[in-house]
Amino acid sequence: MPVRAKWFLTSVVALGLLALLQGITPWSSSSRIALYIGVIVIGSVVVVVLLRTCCLYIERANSEKSRAEQMAALNLRTIEALALAIDAKDHIAQDHVQRVQIYAVELGKELALSPDELKGLQAAAVLHDIGKLAVPEHIISKPGRLTPEEFEKVKIHPVVGAEILERARFPYPVAPIVRAHHEKWDGTGYPEGLRGEAIPLAARILSAVDCLDALASDRKYRCAYPVDQAMALVESESGKSFDPAVVAVLKRRHADLEKKARVARVARASVQSPSVALIAAPHAGPETERNTPQPAESETTFLTSIAAARQEVQTLFEVAQHLGNSLSLPETLSMLAMRLRPLIAFEAFAIYVERDGKLVPEYVIGEDRARLSSLEIPIGQGLTGRVAEAREPIVNGNPSIEPGYLSDPAEPGKLNSALAVPLEDASGVVGVLSLYRTERDAFARDQLRILQAITSKIAVVVRNSLMYQQATVTASTDYLTGLPNARSMFLQLDSELSRCRRNHEPLTVLVCDLDDFKRVNDEFGHLTGNVLLTRVAKALGECCREYDYVARMGGDEFVVILPGMNASTLPATLRRIEKAVEQAGIEVCGSPTIHLSTGHAEFDRDGQDVEDLLAEADRRMYANKRKLKPVSREPRVMTAP
């Protein structure tokens with residue numbers, strides 16, 4: 001029994017005993033007066049005790065009530081914090097929850113919801129999208145229109161949200177509101193297709209308010225509508241998607257509710273979350289132990305951290321999804337640089353690949369592009385060479401130690417920090433990925449973590465692209481001379497003919513054959529013959545214009561495509577080519593050993609397509625060869641492979 005109750009009971013018993021004593025005992029007048037005085041004193045004490053007891057009970061009741069209100073407010077703030085975290089994961093504006101809550105509660109008051117319904121609406125306004133935890137992020141964050149299958153997946157979120165909230169056992173209705181907040185007045189909503197007043201009033205309020213705020217907020221797939229325009233769109237759905245009574249009140253009140261929401265947003269903005277200080281570090285060279293956090297921002301909040309994590313996951317997913325879609329290395333690396341920039345700020349991006357013991361730039365964009373593109377870094381030297389040799393990343397390395405980067409002392413480099421990671425797959429290191437900044441110590445270890453999450457994938461894609469590139473070159477290039485082969489020549493000639501037809505321009509085709517080349521092989525050997533063919537190929541390229549096309553047909557035969565050349569300018573070109581080929585024979589064999597027989601054909605006059613031009617040029621080449629030395633073989637007609 002409480003102490004105050006014991007005192008109260010003792011006082012009552014004492015007064016009762018005094019009254020009994022007075023009734024059964026003969027008292028004198030003076031004794032009675034003394035007794036009365038005692039009774040009055042004791043009665044006064046009892047009254048004071050009673051009053052004090054009442055006051056204490058009232059204080060306790062008020063304290064319990066205040067504590068209950070504080071706990072309710074704490075629960076609501078906890079719910080709001082969780083909802084903010086969910087919305088940050090969903091990449092929705094941070095004030096979306098509060099705006100919907102303000103609108104919904106005010107409309108609920110005007111539409112005469114009961115206190116419990118009002119509390120349920122307040123909680124549901126905060127938690128109505130909690131079911132999106134069951135929807136994959138790539139669907140939630142999709143910038144375009146959802147497919148029917150994706151929309152079916154999204155439609156589960158009211159049911160999932162209601163099931164989650166039912167486990168919380170709120171003392172007021174929350175789950176039914178969340179379950180029904182996507183139902184429509186005309187019965188076309190989901191998940192149950194409820195119609196009209198079968199939908200809880202609080203859910204009808206939340207549906208209209210949520211739609212208004214969504215239209216008035218920025219989304220990945222569109223920009224925000226002005227509030228008045230958004231309200232007009234909601235009003236156009238009155239009687240179809242939304243309860244006409246709710247829309248009427250929302251239309252009348254939306255202007256002042258918007259002002260109230262703005263005031264609340266300003267008040268929230270004045271309360272800052274604890275900041276995370278980022279400390280700058282001294283200038284670092286290539287040593288990996290000198291790594292410090294990036295002084296990029298002065299503070300960050302838990303919401304921005306959650307949103308950044310979501311963005312990182314989404315970006316890495318998109319990078320992994322798109323890497324390998326194309327075997328074109330420039331296209332792939334361009335996509336990679338574009339996707340990485342939102343996660344890791346950089347002024348220059350470079351991919352170096354290993355060739356013959358050196359790292360050569362395969363793809364470079366950004367600051368100092370020309371200087372970086374000219375580098376040839378031996379493995380083990382400089383910043384990038386050490387990364388490739390040690391197979392270990394370097395954070396905040398010094399780009400100036402790269403061999404050749406500071407080749408011109410009059411022009412110092414603009415880049416002062418680098419983040420370099422090796423690109424390594426099962427076959428070894430294929431290259432190095434380097435990001436550069438103009439500031440010193442600009443990169444953080446956390447940015448290295450992001451890069452390391454995808455470097456193995458990048459390495460595989462780079463190696464595959466290089467192998468495809470090499471296979472493409474091999475398929476279209478003569479292995480000995482480095483000239484285009486017959487297949488490439490046919491494709492090029494067909495393309496040139498199409499252009500000439502379109503622009504009505506002339507074109508000449510030369511077919512060339514080396515006379516007495518067999519004698520070179522017989523007297524000097526096939527290795528010397530190969531050297532001679534290589535030297536002839538080089539001579540033909542040097543004699544022609546930069547836009548002419550020289551190809552090796554096979555053996556000792558070559559084809560030259562001369563766009564824009566006609567019969568009047570051809571003789572001088574032929575003399576120059578024949579002289580250069582004879583000089584090549586002298587350089588290789590020491591004496592005039594070979595001569596060049598040529599035949600030409602002009603587009604439109606001698607033929608209209610590839611086969612006709614090559615056949616006519618080949619026929620004339622053999623005719624010229626017979627004039628110098630009769631041969632027994634008949635002219636050949638060349639056709640496309």
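The values are calculated or read from the model by the stated rules, or taken from the named source; none is laboratory data. These numbers come from a predicted model, not from an experiment. Here Cβ is always computed from backbone atoms with ideal geometry, including for glycine, and neighbour counts include all displayed protein chains.
Annotation note: of Ala370, Ala426, Ala390, Ala410, the sole residue that is modelled with pLDDT of 90 or more, surrounded by fewer than 16 Cβ atoms within 10 Å (Cβ to Cβ) and not acidic (Asp, Glu) is Ala390. Residue pairs whose Cβ atoms lie under 6 Å apart, separated by 6 or more positions or on different chains, with the first residue in segment 182-194 and within 16 Å of Phe151 (Cα to Cα) and the second small (Gly, Ala, Ser) and buried (at least 20 other Cβ atoms within 10 Å of the Cβ), are His182/Gly189; Glu183/Gly189.
Is it true that Asp213 is within 19 Å of Asp129 (Cβ to Cβ), surrounded by 13 or more Cβ atoms within 10 Å (Cβ to Cβ) and touching a residue at least 60 places away in the same chain (Cβ under 8 Å)? Against the criterion (within 19 Å of Asp129 (Cβ to Cβ), surrounded by 13 or more Cβ atoms within 10 Å (Cβ to Cβ) and touching a residue at least 60 places away in the same chain (Cβ under 8 Å)), Asp213 qualifies.
Quick grid of which residues meet (1) touching a His at 6+ places or on another chain (Cβ under 8 Å); (2) under 19 Å from Val209 (Cα atoms):
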{"residue": "Leu118", "(1), (2)": "no, yes"}
{"residue": "Gln122", "(1), (2)": "no, yes"}
{"residue": "Leu127", "(1), (2)": "no, yes"}
{"residue": "Ala134", "(1), (2)": "yes, no"}
{"residue": "His157", "(1), (2)": "no, yes"}
{"residue": "Val160", "(1), (2)": "no, no"}
{"residue": "Pro171", "(1), (2)": "no, no"}
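For segment 222-233, the count of residues that are within 24 Å of Lys109 (Cβ to Cβ) and outside any helix (DSSP H, G or I) is zero. Just name the residue that is surrounded by the most Cβ atoms within 10 Å (Cβ to Cβ) out of those in segment 484-506 that are assigned to a loop (DSSP other than H, G, I, E, B) and touching a residue at least 24 places away in the same chain (Cβ under 8 Å). Out of the qualifying residues, it is Asn485.
If the requirement is being touching a helix residue (DSSP H, G or I) at 6+ places or on another chain (Cβ under 7 Å) and either surrounded by fewer than 13 Cβ atoms within 10 Å (Cβ to Cβ) or not aliphatic (A, V, I, L, M) (or both), which of these qualifies: Pro571, Pro563?
Unique residue meeting the criteria: Pro563.
Counting only helices (runs of 4 or more DSSP H) that sit wholly inside segment 99-175, those with at least 2 residues that are over 18 Å from Leu201 (Cα atoms) are 137-140, 148-154, 157-166. Which residues, taken from segment 459-479, are free of Cβ contacts under 8 Å to residues at least 60 places away in the same chain, in contact with a strand residue (DSSP E or B) (Cβ under 9 Å, 6 or more places away or on another chain) and not basic (Lys, Arg)? Result: Ala459, Ser476, Thr477. For segment 429-442, the candidate set comprises residues that are under 22 Å from Ser334 (Cβ atoms) and not hydrophobic (A, V, I, L, M, F, W, C); within that set, the residue that is surrounded by the fewest Cβ atoms within 10 Å (Cβ to Cβ) is Thr438.
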